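Worksheet: one structure, shown below.
None of the figures in this text is laboratory data; all of them are computed from the coordinates on show. This one's a predicted model, so the numbers in the text were calculated from it and none came from an experiment.
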Amino acid sequence: MLTKEEMPACPVATTVTLIGSKWKLLIIRNLLARPWRFNELKKDLEGISQKVLTDSLRSMEADGIITRTVYPEVPPRVEYSLTELGKSLKPILDSMRAWGEAYKTKH
C-alpha cells in the first residue's frame, strides 16, 4: 500500500495505480454484485492464476477497497466484499461497461 505522499500527483494516475490492472477491475465488477469466495472468483475469472488473485485481493484489502471476512466454521469460510470505498467505484465501472458496449456496436 502506498502512502498518500507516494501516490501520483495526477488523480487519474492514482486511480490507475489502485485499480488499473485487468484483474482488479474484473474482481471489483464481480464484488459489486455480491460477496464472493476465493474459489468462486478463481473459477469465474478465467485465466487468472492463484498467485495473481491472491496478490490482487491482498493489495485491494490493504488499500481499503475490499474486506476479507473469515467465518468461524469448519472448514473456515472466507468471503471478499467491497468496502464503502470500493462501492464508490461503481460509477467508474458502469461508465466502462457503457463505453465497451457502445464500442462493440460501432466496430
Find the percent of Cα-Cα distances in segment 11-106 that exceed 15 Å, and round it to a whole number. 63
Most mobile listed residue (Val74, Val52, Val16) in the chain, GNM with C-alpha springs under 10 Å: Val74
Please tell me the relative contact order of segment 11-106 in percent, rounded to the nearest whole number, where contacts are Cα pairs under 8 Å and at least six residues apart. 27
Straight-distance crosslink candidates among aspartates and glutamates, where the alpha carbon sits under 15 Å from Lys22 and sequence neighbours closer than 8 are dropped: Asp44, Glu46, Asp55
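Of the listed pairs Lys24/Lys87; Lys24/Lys51; Lys4/Lys90, which have alpha-carbon separations greater than 19 Å here?
Details: Lys24/Lys87 14 Å; Lys24/Lys51 13 Å; Lys4/Lys90 22 Å.
In this structure, Lys4/Lys90 exceed 19 Å between Cα atoms.
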Could you check which residue among Gly20, Gly47, Gly86 shows the biggest mean-square fluctuation in a GNM of the chain with a 10 Å Cα cutoff? Gly47
